[in-house]
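Enquirer: I am attaching a structure below and will ask some questions about it afterwards.
The values are calculated or read from the model by the stated rules, or taken from the named source; none is laboratory data. Worth saying up front: this structure is predicted, and the values here are computed from it rather than measured. Every residue, glycine as well, gets a Cβ built from its backbone with ideal geometry; the counts of neighbours run over all protein chains shown. We work out accessible area using only protein heavy atoms, side chains counted, and drop any ligands, DNA or RNA first. Shrake-Rupley method; radii C 1.70, N 1.55, O 1.52, S 1.80 Å.
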Amino acid sequence: MNIELRQPDVGQKTRLKVIDVDIHPKSAMEDLQPYLAKRWWDHYKTFGARTRQGFLKGFPYPKSQPFASRRDSWPPGGGLPASDLNFMKQQYLDLYPIEYAIMNPLSPTGQGDQNDEFSAAMAVAANEFQLDGWHERDGRLLASVVVPYEDGEASRAEIRRRAGDKRFAHVLLKSRTNELLGKRRYWPIYEAAVEAGLPVGIHVFGTSGRPASNTGWPSFYIEDMTEHASCCQAQVVSLILEGVFERYPDLKIVMVEAGFAWMPPLGWRMDKHWKTLKSEVPHLKRAPSEYLREHFWVSTQPMEEAEEPDHLMETMTWVGFDHIMFASDYPHWDFDDPLLALPPALDQERRSKVLSENARALYRLD
Amino acid sequence: MAGHVVASVDEIPPGTRKLVDVNGRAIVVFNLSGDFFALNNRCPHRGGSLCDGIQTGLVESKVPGEYCYSRPGEMVKCPWHGWEFDIRTGKSWCDPARLRVRQYPVSVKSGTELVEGPHVAETFPVRVENNYVVVEA
Amino acid sequence: MTTAAIDCDVHPQVPNLKALAPYLEPYWRDSFTERGIPGFESNSYPPNVPLSVRADFKGKDHPATDVTRLSAQVFDRLKAETAICNCLYGVELIFSEDMALAVARAVNDWIAKEWLDRDPRLRASIVVPTQNVEFAVSEIERCAQDKRFVQVVLLAMQESPLGRRHWWPIFAAAERHGLPIGIHPGSTYRHSLTSLGWPTFYLEDYVAYAQAFQSQLTSLISEGAFAKFPGLKVVLIESGVTWLPGFLWRISKFWRGVRAEVPWVDRSPAEIVRDHVRLTITPFDAPDDADTIRRIIDQLRSDELLLYASDFPHWQFDGESAMPPGLPEGLARKILVENPLATYPRLKEAVS
C-alpha cells in the first residue's frame, strides 16, 4: 500500500529548510545493554523499570493508537515505529527538507525511575546510544542530553560529560517531575546547562507519582493529553517565580510538545497577581511575563486549532514569532507535517523563522 | 467526470480496500459487504493517507458509560490524527467550525442521527460493470 | 455604571467559630469548644495577604464579616443592585464527613439569617460537604427550599475531578432545582496544589487555580456531565477567564482525534462550553489595554459567557469598577445584567 503519496510541494516551499525540534527515534533496551554495567542490566532484567505508576506494560492512560504512533509509521521490516532509520528516512527525513532533527528519546531512558542510581546509569547509556546508534548513522539527527533529573547532582555530572560535544542540542527533562522544576533541587541542572551553553528542553510526559491534574486523577486519555498544558503552566510559573532566571540569566528553556496558546494568558495572569503580591517575591526584578518572553521557547506541535484562523495568528504574535519552533513529533499520531501544519496566512519570513531559523539561532546550528 | 476501471471485483474482496490512482488522484476503494465506495485518499484535516488507517465500527452514545457499537468495519480512521470517516458517505463524525473542505452531496445509504459536520472525505461514485470496479472521477 | 448590575461573586466571611454557635447542634457546638478547635478557616486566602482584602475596603473592622459593612461597599460604593454571596469557610476541607455536614448546615443557616434576612438585595450559594455526596445532596435539598439560594458552590480542587460520575447526584440535585454549579478557587487540600507538588509561594498557589479550572472543565466535558444533565449550568467564578480560548482550541483538537473514547461528547467542546458554562469577569487576567481585551473577547466567540462580579473584598482591581476597559456598550450591559439573569433563573423570582 506504499505508493508514494506525498510529493514535496514545488515552488517556494521546497526552498524552505526545516529544523525539527522534536522527533522520537525508538531504541530498545538491548541497544543500551552494551553501555550499561552488568549490575544494571541484571537489575533491569530482574526488577524492571519502576516509574511511579502501576502498570507492568503500557501506560496509565492507554493511548488512542498503538504506541501513540501514526498507523502508517510501523516499519514494513518489523519493529516499533521510529526504530528503523531507513524507514524513518523514507517516510520523513528524506521526504521533507529536514536539515536537522532533534531527538528527544522518551524510552528507554530511565528518566523518572524510582531508583535514582539506575536512572543515572541509564542516562549515560541513552546518550551514548543516541550518538552511536543514531547520530553517527545520520548526522541530521541531533541528540539531547538525557539526565536523571530527580537527582540534580547526577544530572550535573552527565551534562558536564557532554559539554562541548556539538552533537548534543539541548538537555532533556520531562514535564511531570516529582516536584516543581523551579525548586532548588533541580538548580544544578540549570547551572550545568548554562555552563555548557545548552538550552534545556522540557518535553511533556514522565510520571510525577502524583495525580495527573491538580484536581485529582482523571479517567480518560483525552484528559491526560489536555492536561499537559496545565502541567507545563505550573512548571513555567515555578521556574519564573522561584527566580531561576535571576540566578541564571543565560538559561533558555524550550517547552516541547506542550502546545503554546496557553502561554500569553499565563503571562498575563502571573503579571496581574504579581502586582498584588510582589512583596512575597522580592527577588524578582521584573514582571513575570518578561522572563517568560525572554527565556522560553515553544515547539509548534500539537498546534492548537482555533475556530477562526486569525485568532491563532493573534496568539502566535503574542507568544512571539521569534520563539516558536517547528516540531513534527514523528512518529506520534498527532504528528504535524512541516509543509501543512503552519497557518497558511503566515508570510515567508515568519514561516522561515518557525520552520528553521529560530531553532538555528537558539541551538547555534550552522 | 469519466468512469475509470480501477480493479476487478476479485481484487477487492469484502472487508478489504485498495489504493488506486485515477488521473493522478490517489483514491481508496472499499468493499463493504459487496458494496463499493471510493474516497479521496487524502484526509481533509492534515493530509494523512486514509488507506493506511484502520477500519473500525461506529461508536455512539447518548449517555456517558454507554457504548453503542455498530457497523463494524464501516468507519475509516485517519492513521495520523484519528479522524473518523463514514466510508459510505465520506462524512466525518466531528463538527468543528472552521476549515476548508469541499462538500459533495452524497445519498446516505444508512441513516444516522448524529450531528454531522462539514468535514467530509471526498467521495466518488463507484459501480460494478461486468466484474470490474468503475470509479467516476 | 449601568444600574441593576448583578454582582455574581462577593464573599461574606465567617468572623469566628463562635458566630456559627447558634446554628450548630449542641453536640457539635460543645465539642468544638471542649476540643479547642480554633475554627475551619481555609488557608486559601490568608487574612493579611494583599489579595484577600483590598486595603481601601478595610475599615476599623473586616469589610465582609458583617452584612452592613459588606452591603455598604458592594451596593452603595460599587453600585451593584443584587449580589450573590459565596462563603469560602473551609467546610470542604474537613475530613470527618459528619463534622463537615454540621458545619455546612451552620454556615448556610448563618448566611440565611444574618445576611439574606437582613438585606433583600443579597442572594447566596449553597455550601455543601463534598466529602460525602449524599450529605451534599441532602444539604442542597434542604437549602433549595429557600429561593434566595441561587447556586451550589464547590471549591476548585477536590479529591477527584468534578466530572467524575460519583459527583453526579450533586449535579442531578442542582439541575432539578435550577441551580447552577459554581466552581470557585479554594482547595480541599487533598492533593498538592499543582500536579507536580507544593509551590513555594502563595502567588504560585493562586496562579495554579487557572490550571484547576482547566482540568475541571476537561473533566466535566470528557465525562459527559453536560450530556447527562442537559439543564446543568456551570459557572467558573474568579477563574481569570483569559485561559479559556487557548484551552478550548486544544481540547477540541484532541476530541476530533480521540472522540471514540468518549462517544457521549457529541459536539465540539467549544460548543458545549458556550452552551453550558459561564465565567465571572473578576479577575480578568489581561493587560489593561482596551485593544488586547477586545481581541480576547473576540476569541471567546460568545457574548453570553461573561458575568459581572466584583469579587469583593478581594483585591482584583483598583477604583470603583471591576469592568475591563474598552468593552462595547451592548456587551457591557449583557455582562452586568442580562447574562447573570439568564444564568441564575432564581434571580427573576420574587422572594417573600
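Enquirer: For the list (1) crowded, with 24+ Cβ neighbours inside 10 Å; (2) part of a loop (DSSP other than H, G, I, E, B); (3) touching a residue at least 12 places away in the same chain (Cβ under 8 Å); (4) not charged (D, E, K, R), I need the number of the one condition that C:L232 fails.
Expert: Of the numbered conditions (1) crowded, with 24+ Cβ neighbours inside 10 Å; (2) part of a loop (DSSP other than H, G, I, E, B); (3) touching a residue at least 12 places away in the same chain (Cβ under 8 Å); (4) not charged (D, E, K, R), the odd one out for C:L232 is (1).
Enquirer: Looking at the stretch A:35-46 only, could you name the residues that are touching a residue at least 12 places away in the same chain (Cβ under 8 Å) and open to solvent by 30 Å² or more (accessible area, probe 1.4 Å)?
Expert: Of everything in the stretch A:35-46, those that are touching a residue at least 12 places away in the same chain (Cβ under 8 Å) and open to solvent by 30 Å² or more (accessible area, probe 1.4 Å) turn out to be A:Y35, A:A37, A:Y44.
Enquirer: Considering every residue within the stretch A:288-300, establish whether at least one is touching a residue at least 12 places away in the same chain (Cβ under 8 Å), closer than 16 Å to A:T226 by Cα, within 12 Å of chain C (Cβ to nearest Cβ) and not in a helix (DSSP H, G or I).
Expert: No: zero hits.
Enquirer: Hey, among A:S83, A:S119, which residue is in contact with a Gly (Cβ under 8 Å, 6 or more places away or on another chain), at pLDDT 95 or above and of a type in the set (S, T, N, Q)?
Expert: Criteria check complete, one pass: A:S119.
Enquirer: Applying the selection to the stretch B:3-15, what residues are without any contact (Cβ under 8 Å) to a residue 60 or more places away in the chain and loosely packed, with under 12 Cβ neighbours inside 10 Å?
Expert: B:P13 - this is the single residue of the stretch B:3-15 that is without any contact (Cβ under 8 Å) to a residue 60 or more places away in the chain and loosely packed, with under 12 Cβ neighbours inside 10 Å.
Enquirer: Another question about this same structure. Tell me which residues, restricted to the stretch A:352-366, are of a type in the set (G, A, S) and more than 18 Å from the chain's Cα centre (by Cα).
Expert: Within the stretch A:352-366, just A:S352 meets the criteria.
Enquirer: Next up: For the stretch A:315-335, does any single residue satisfy the condition of being out of contact with any strand residue (DSSP E or B) (no Cβ under 8 Å at 6 or more places or on another chain), within 13 Å of chain C (Cβ to nearest Cβ) and modelled with pLDDT under 95?
Expert: Yes; the residues of the stretch A:315-335 include at least one that is out of contact with any strand residue (DSSP E or B) (no Cβ under 8 Å at 6 or more places or on another chain), within 13 Å of chain C (Cβ to nearest Cβ) and modelled with pLDDT under 95.
Enquirer: Report whether or not A:K272 is under 28 Å from C:W249 (Cα atoms), open to solvent by 20 Å² or more (accessible area, probe 1.4 Å), assigned to a helix (DSSP H, G or I) and at pLDDT 95 or above.
Expert: Yes: the conditions hold for A:K272.
Enquirer: Which of the numbered conditions does A:L131 fail, given that it passes all the others? Conditions: (1) among the hydrophobic types (A, V, I, L, M, F, W, C); (2) within 14 Å of chain C (Cβ to nearest Cβ); (3) over 26 Å from A:I240 (Cβ atoms).
Expert: (2)
Enquirer: Would you confirm whether or not the stretch A:340-348 contains a residue that is in contact with a helix residue (DSSP H, G or I) (Cβ under 8 Å, 6 or more places away or on another chain) and modelled with pLDDT of 95 or more?
Expert: Scanning the stretch A:340-348 turns up no residue that is in contact with a helix residue (DSSP H, G or I) (Cβ under 8 Å, 6 or more places away or on another chain) and modelled with pLDDT of 95 or more.
Enquirer: Residues to consider are C:A342, C:A309; find the one that is open to solvent by 10 Å² or more (accessible area, probe 1.4 Å) and small (G, A, S).
Expert: C:A342
Enquirer: Separate question: Being open to solvent by 10 Å² or more (accessible area, probe 1.4 Å), within 14 Å of chain A (Cβ to nearest Cβ), at negative phi and of a type in the set (F, W, Y), is that true of even one residue in the stretch C:279-298?
Expert: Yes, the stretch C:279-298 contains at least one residue that is open to solvent by 10 Å² or more (accessible area, probe 1.4 Å), within 14 Å of chain A (Cβ to nearest Cβ), at negative phi and of a type in the set (F, W, Y).
Enquirer: Regarding the stretch C:214-227, can at least one residue be identified that is more than 21 Å from C:G90 (Cβ to Cβ), open to solvent by 10 Å² or more (accessible area, probe 1.4 Å) and within 14 Å of chain B (Cβ to nearest Cβ)?
Expert: yes
Enquirer: Pick from the stretch C:33-52 the residues that are among the aliphatic types (A, V, I, L, M) and within 13 Å of another protein chain (Cβ to nearest Cβ): which of them is least open to solvent (accessible area, probe 1.4 Å)?
Expert: That would be C:L51.
Enquirer: Working only within the stretch B:61-92, note down all residues that are part of a loop (DSSP other than H, G, I, E, B), under 26 Å from B:S49 (Cβ atoms) and open to solvent by less than 30 Å² (accessible area, probe 1.4 Å).
Expert: B:C78, B:P79, B:W80, B:H81, B:G82, B:W83, B:I87, B:T89, B:G90, listed by residue number.
Enquirer: Looking only at the stretch C:108-125, count every residue that is touching a Pro at 6+ places or on another chain (Cβ under 9 Å) and of a type outside the set (G, A, S) and tell me the total.
Expert: 7
Enquirer: Go through (1) open to solvent by 10 Å² or more (accessible area, probe 1.4 Å); (2) assigned to a loop (DSSP other than H, G, I, E, B); (3) in contact with a helix residue (DSSP H, G or I) (Cβ under 7 Å, 6 or more places away or on another chain); (4) more than 14 Å from chain C (Cβ to nearest Cβ) one by one and return the number of the condition A:D366 breaks.
Expert: (3)
Enquirer: Of all the residues that make up the stretch A:201-225, how many are more than 7 Å from chain C (Cβ to nearest Cβ), in a loop (DSSP other than H, G, I, E, B) and open to solvent by less than 10 Å² (accessible area, probe 1.4 Å)?
Expert: 1
Enquirer: Mind telling me which of the residues A:A261, A:A234, A:A193 ends up being assigned to a loop (DSSP other than H, G, I, E, B) and buried (at least 20 other Cβ atoms within 10 Å of the Cβ)?
Expert: Within the list A:A261, A:A234, A:A193, the selection yields A:A261.
Enquirer: Taking the residues in the stretch C:120-138 that are surrounded by fewer than 16 Cβ atoms within 10 Å (Cβ to Cβ) and farther than 12 Å from C:I170 by Cα as candidates, determine which candidate is nearest to the chain's Cα centre (by Cα).
Expert: Once the filter is applied, the top-ranked residue is C:R121.
Enquirer: In addition: Which numbered condition in (1) more than 7 Å from chain A (Cβ to nearest Cβ); (2) surrounded by fewer than 24 Cβ atoms within 10 Å (Cβ to Cβ); (3) not aromatic (F, W, Y); (4) not in a helix (DSSP H, G or I) is the only one that C:T200 fails?
Expert: (1)
Enquirer: State whether one or more residues within the stretch A:327-348 are closer than 15 Å to A:L16 by Cα, assigned to a helix (DSSP H, G or I) and open to solvent by 10 Å² or more (accessible area, probe 1.4 Å).
Expert: yes
Enquirer: Working only within the stretch C:257-278, note down all residues that are surrounded by 21 or more Cβ atoms within 10 Å (Cβ to Cβ), in contact with a Leu (Cβ under 8 Å, 6 or more places away or on another chain) and farther than 13 Å from C:A225 by Cβ.
Expert: Passing the criteria: C:A270, C:R278.
Enquirer: If you don't mind, there's one more thing I want to ask. What pairs can you find where one residue is in the stretch C:46-59 and touching a residue at least 40 places away in the same chain (Cβ under 8 Å), the other is in a loop (DSSP other than H, G, I, E, B) and open to solvent by 60 Å² or more (accessible area, probe 1.4 Å), and their Cβ atoms are less than 6 Å apart, with a gap of 6+ or different chains?
Expert: From the stretch C:46-59, the pairs are C:P50/C:W315; C:L51/C:W315; C:R54/C:W315.
Enquirer: Taking the stated definitions as given, is C:A309 under 17 Å from C:L51 (Cα atoms), away from chain A (no Cβ under 14 Å) and in contact with a Ser or Thr (Cβ under 8 Å, 6 or more places away or on another chain)?
Expert: Taking the combined requirement at face value, the residue satisfies it.
Enquirer: Separate question: Is it fair to say C:T194 is of a type outside the set (F, W, Y), within 17 Å of the chain's Cα centre (by Cα) and within 12 Å of chain A (Cβ to nearest Cβ)?
Expert: Judged against the criteria, C:T194 is not a match.
Enquirer: How about the stretch C:132-178: which of its residues are within 21 Å of C:W110 (Cα to Cα) and within 14 Å of chain A (Cβ to nearest Cβ)?
Expert: Correct list: C:L154, C:L155.
Enquirer: Could you check the stretch C:66-83 and list, in sequence order, the residues that are touching a helix residue (DSSP H, G or I) at 6+ places or on another chain (Cβ under 8 Å) and not in a helix (DSSP H, G or I)?
Expert: Selection gives C:A80, C:E81, C:T82, C:A83.
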